[in-house]
1. Partner chain Cβ atoms within 10 Å, averaged over the residues of A:202-215 - can you pull that number for me?
2. Among B:142, B:324, B:283, which one shows the highest mean-square fluctuation when chain B is modelled as a Gaussian network with alpha-carbon springs under 10 Å?
3. Rank by packing, highest mean first: peptides A:147-153, B:117-123, with packing defined as the count of other Cβ atoms within 10 Å averaged across residues.
4. Among the residues of chain B, which one places its Cβ closest to the rotation axis that maps chain B onto chain A, and what is that distance in whole Å?
5. Kindly write out, for the range B:225-232 in residue order, the coupling ³J(HN,Hα) from the Karplus curve 6.51 cos²θ - 1.76 cosθ + 1.60 (θ = phi - 60°), rounded to whole Hz, with x marking Gly and Pro.
6. Give me the inter-chain shielding for B:36-44: mean count of other chain Cβ atoms within 10 Å, whole number please.
7. Could you give, in nm with one decimal, how far residue A:246 is from each other copy of that position, shortest first, with labels 7 Å out from Cα toward Cβ?
8. Under the definition of partner shielding as Cβ atoms of other protein chains within 10 Å of a residue Cβ, what is the mean value for peptide B:9-16?
There are 2 protein chains.
Amino acid sequence: MEPLPKLKIPERILLGAGPTNVSARVLEALGRGVVGHLDPEFLQLMEALKSLLREAFCSKNPITFAISGTGSAAQEASLVNLIEQDDEVVIGVNGLFGSRLAEMADRFGARAHKVEVEWGRIIEVEQIEAALKRCRKPKLVAVVHAETSTGVHQPYVPEMAELAHRYGALMVLDVVTSLGCVPVEVDQWQIDAAYSCSQKGLGAPPGLGPLTVSERALATIRSRKTKCRSWYLDIGLLERYWGQERLYHHTAPINLNYALYEALRLVLEEGLAARWERHRKSAAALQAGLGALGLKLAAPEGFRLPQLTSIRVPDGIDEAKVRAQLLKRFNTEIGAGLGPLKGRIWRIGLMADNANPQRVLSLLDALEEILREAGLEIPRGSPRLAAESMIAEGLN
Amino acid sequence: MEPLPKLKIPERILLGAGPTNVSARVLEALGRGVVGHLDPEFLQLMEALKSLLREAFCSKNPITFAISGTGSAAQEASLVNLIEQDDEVVIGVNGLFGSRLAEMADRFGARAHKVEVEWGRIIEVEQIEAALKRCRKPKLVAVVHAETSTGVHQPYVPEMAELAHRYGALMVLDVVTSLGCVPVEVDQWQIDAAYSCSQKGLGAPPGLGPLTVSERALATIRSRKTKCRSWYLDIGLLERYWGQERLYHHTAPINLNYALYEALRLVLEEGLAARWERHRKSAAALQAGLGALGLKLAAPEGFRLPQLTSIRVPDGIDEAKVRAQLLKRFNTEIGAGLGPLKGRIWRIGLMADNANPQRVLSLLDALEEILREAGLEIPRGSPRLAAESMIAEGLN
């Protein structure tokens, strides 16, 4: 047989909603030789991973590990383990990932009380309480901390958790796009289940879904009347592999776990607080530059994610063409709008290593060039200047 | 914060039940930079992957792609998409992975008619038919082609598929340990859903679950009365991402897909027939050597998997100690027994690159040394000699 085409992978600057670029150290770890999933050295790595993930989640939860699937698998794991047939759940829906929570809950047999607000708005505590009041016996409240589809940073999470507990419910938090970028304080906020992904704030390749589960949630799982509807994601089974029993369940994606370990080392060597601050400063610089480009931010002020900035596409601009130009001429990916925001916004991610001034400035230069060609009037060099002055301030 | 311990990964020779060692070309592909899951170049790679996977499965099924999880996730995907509440299913159980099929079917709401035989035996066609006759309206028959827990090669698969169809049921085949090692002819055998893993016969790292679904199975999926109980593994949704619509579903594990592509290139450049023959010959050499060691094979003659040889642990030998010695002194992993075979068998895998004379001979040397120290009387060098003479024959 004649040779098949060689693998062709372009070098991209990933400024979309994730995956983000992965540092050389992490890629090097990823490419190491495979060992067995029950190898004593790999079991040691699993122990280390649990401990680093606990630090990343700001939690002491014993059940803290990475699901062998993407963030969506960890999302599914969180719900499918907690929900039994006809359970009532309260779900905040202000974007795609909130809708998905509701969709999943429905598939797992729950009766979902959706708290729906317009995409791009935040959910209010009172709305959660009203929904809780409509339940006979609410099982859980779930909201999205960083809504990837809109760039909205959901506040009031500790208040919602307190409320959920007051009504006898568990609090589930989607931190897929927030972990590693902004504070996620699982224990302090009293979150019962939080799940994330590997390829955004943690700076690892996609394919793993970090998950942490409180003692309270674990008690709920252990007292289920029916078996978990998923075998692959059954925390009761996974716990026996990730715990001291080391009972074979599935073959862990060995190399992705190497990479996640190395990525977490980078996160924790930098320190969470320093990392959050770096994300905040990079976003401030980006937003200053976008202002000078004449672009409007889509998320409401005060509730904008630093790691993911959503921008309204100006009238008369072909949004897909701008993204295609960025990719073709600058090897730079940014995100499109999803669902009702399709064609109406761009989403710019500055996550993990990419939350840095260099990425901000080169993106602004590229956007300035493309948008000027598309007919926008932009004072030459002004976006870069605006960002630079913000960067200089940030460095004080 | 002080630096965390560096990632420490030993070099292992992986002769267990999988994962197997991954070639340098595949590891190199794995470690390439990340691109976006909707990047035009990645979408091209997905198309190429589908086409190479079809060749590996010997199928023209349009729905052929890799689940973003391990082989167990692909197993779950196969069942959860086909089963609806109270469906009757027939499951062949002659080892751990057959039990798991039944366990999963039960969780997805099916009434499982188990065809149970002793671990290590094959399932007979008549037993499947008897179970089909007990069903009012059987939805599917599922059996394991290569039972990883016993080393048994299930025959009569085409006959079972024909039978399933005659009774109006679908045929599901677990080819986790067979794909890439022994013939798996999905179309010719009329299999409706077959699933595998990346880390055994295909020689890629663990983390992806190749899956192929016939038109008949797809029609069943499309005419479901209820939604699939899994969102993450819903083939109807996955099809819209892997198909031309490119609708975002989840973020594919980009780098694992690079590696799978490269691994499939190696498989197809060698050619399936040549690869099957290489596995067959390597096993013949291994088995000759094991005979000279005085070891007895556990699987019945005529139904032994070349890629996975199960051996009875001789009386008076501490099986775990032998494995520990192999690992410590020879950096070589072999598999233990599972379930009722725990402590009673070893499982030796010769998969992908490891199906070669060099691996066979060095393992036999190591086993000879360890087993002699443990008290077995073995004529010095005889296992190697027996294997070498078989290898010489095989090369004629």
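Here, each number is a calculation from the coordinates, and none is a lab measurement. In this text, all values refer to a predicted model and were calculated from it rather than measured experimentally. So basically every Cβ, Gly included, is an ideal-geometry build from the backbone, and we count neighbours across all protein chains shown.
1. 3
2. Largest GNM mean-square fluctuation: B:324.
3. A:147-153, B:117-123
4. B:31, 1
5. Here the 3J(HN,Hα) series is 8, 10, 5, 4, 6, 10, 8, 5 Hz.
6. Partner Cβ neighbours, averaged per residue: 5.
7. 4.6
8. 5
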